[in-house]
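Undergrad: Following this message is one structure expressed as structure tokens.
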Amino acid sequence: MKVLSVQIGKPEKTPAKTGMTGHFKTKQDGAVMVGPQGLDGDTICDLENHGGVDQAVYIMGAPDLDHWAQVLGRDIAPGFFGENLVITDLETAGLALGDILTMGDVTLQVTSPRIPCATYAAHIGTPQAIKQFYAVERPGAYARVLKSGHVSKGITVDLHPYDGDRITIVDNMRAYRGNFQDSAFLERALTVPAHYKLHGLAKQRLRPTTL
């Protein structure tokens with residue numbers, strides 16, 4: 001696999017209630033530094049729901065974009081979903097929490113799926129946009145940065161599967177949509193390097209019964 005493209009976003013107005021967004025990403029021709037908070041120059045406007053160390057980098061696979069192009073009936077350029085990296089030959093639905101991706105000096109660890117928001121819905125412009133996003137189950141993956149460095153188009157990407165319990169990002173997305181009512185899922189989530197918010201939620205909900 002290789003990095004097909006690298007994108008960052010600048011603040012732009014959105015018709016969604018958030019008002020401003022960094023969702024709309026544009027390709028970068030040269031190398032971009034990736035640190036604990038993400039790519040240099042990338043803007044996060046809604047800090048409550050986006051960004052942070054466990055959502056530092058948003059990844060989509062080229063096959064994901066090809067599939068979405070068919071679903072939406074339109075050309076999908078890299079950055080359309082707000083992703084920072086597009087990787088060739090990567091089916092993100094099969095990624096599991098804890099999987100590691102290495103590319104040059106950079107090491108990333110998968111933490112969660114993308115969850116559709118009001119800005120995404122406004123971008124798509126249809127009443128069914130969020131429901132459709134869940135149904136298609138190609139959400140792309142957020143990752144934390146384990147090792148900083150530079151990324152650029154064309155560098156090789158290696159996938160190192162997590163060797164513990166494999167909770168896919170689709171499993172995580174389904175659990176989110178079900179309001180995390182399944183205690184067995186929450187118990188499993190505590191055993192993997194998931195997003196810190198999922199760990200916190202699991203501990204809170206399990207405390208009265210099993211913790």
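Undergrad: Looking at the range 134-158 only, could you name the residues that are within 13 Å of the chain's Cα centre (by Cα), open to solvent by less than 30 Å² (accessible area, probe 1.4 Å) and of a type outside the set (A, V, I, L, M)? Spell out the reasoning first.
TA: Step one: filter the range 134-158 for residues within 13 Å of the chain's Cα centre (by Cα), giving 137-145.
Still in the list and also open to solvent by less than 30 Å² (accessible area, probe 1.4 Å): 139-143, 145.
Once the filter is applied, which keeps residues that are within 13 Å of the chain's Cα centre (by Cα), open to solvent by less than 30 Å² (accessible area, probe 1.4 Å) and of a type outside the set (A, V, I, L, M), the range 134-158 yields Pro139, Gly140, Tyr142.
Undergrad: Same structure again: Within the range 66-96, can you find the residues that are part of a helix (DSSP H, G or I), more than 29 Å from Phe185 (Cα to Cα) and not β-branched (Val, Ile, Thr)?
TA: Scanning the range 66-96 gives Asp66, Ala69, Gln70, Leu72.
Undergrad: Do you know which residues across the range 97-119 are small (Gly, Ala, Ser) and in a loop (DSSP other than H, G, I, E, B)?
TA: Within the range 97-119, Gly98, Gly104 meet the criteria.
Undergrad: Identify all residues within the range 104-157 that are over 24 Å from Asp171 (Cα atoms) and among the charged types (D, E, K, R); write none if there are none.
TA: Asp105, Lys147, Lys153, listed by residue number.
Undergrad: Can you tell which of Thr43, Thr88 is among the hydroxyl-bearing types (Ser, Thr, Tyr), at pLDDT 95 or above and either within 17 Å of the chain's Cα centre (by Cα) or surrounded by 16 or more Cβ atoms within 10 Å (Cβ to Cβ) (or both)?
TA: One residue alone meets the criteria, Thr88.
Undergrad: Mind checking which residues of the range 15-36 are at pLDDT 65 or above, surrounded by 17 or more Cβ atoms within 10 Å (Cβ to Cβ) and assigned to a loop (DSSP other than H, G, I, E, B)?
TA: His23, Phe24, Gln28
Undergrad: Hey, among Arg166, Arg174, which residue is among the basic types (Lys, Arg) and not in a loop (DSSP other than H, G, I, E, B)?
TA: Residue meeting the stated conditions: Arg174.
Undergrad: Failed condition for Arg205, given (1) more than 28 Å from Val3 (Cβ to Cβ); (2) at pLDDT 95 or above, with all others met?
TA: (2)
Undergrad: For Gly94, only one of the following conditions fails: (1) open to solvent by 30 Å² or more (accessible area, probe 1.4 Å); (2) of a type in the set (Gly, Ala, Ser); (3) closer than 22 Å to Asp29 by Cβ. What is its number?
TA: That leaves (3) as the condition not met.
Undergrad: Scan (1) within 29 Å of Gln28 (Cα to Cα); (2) assigned to a helix (DSSP H, G or I) for the single condition Tyr142 breaks and write down its number.
TA: Condition not satisfied by Tyr142: (2).
Undergrad: Another question, if that's okay. Hey, among the residues in the range 175-211 that are touching a residue at least 12 places away in the same chain (Cβ under 8 Å) and charged (D, E, K, R), which one's surrounded by the fewest Cβ atoms within 10 Å (Cβ to Cβ)?
TA: Arg177
Undergrad: Has the range 154-163 got any residue that is within 27 Å of Thr26 (Cβ to Cβ), in a strand (DSSP E or B) and of a type in the set (Gly, Ala, Ser)?
TA: no
The values are calculated or read from the model by the stated rules, or taken from the named source; none is laboratory data. All values reported here derive from a predicted model rather than from experimental measurement. As a convention, Cβ positions derive from the backbone with ideal geometry for all residues, glycine included, and neighbour counts pool all protein chains shown. What goes into the accessible areas is simple: the full protein's heavy atoms, side chains included, and nothing from ligands, DNA or RNA. Shrake-Rupley method; radii C 1.70, N 1.55, O 1.52, S 1.80 Å.
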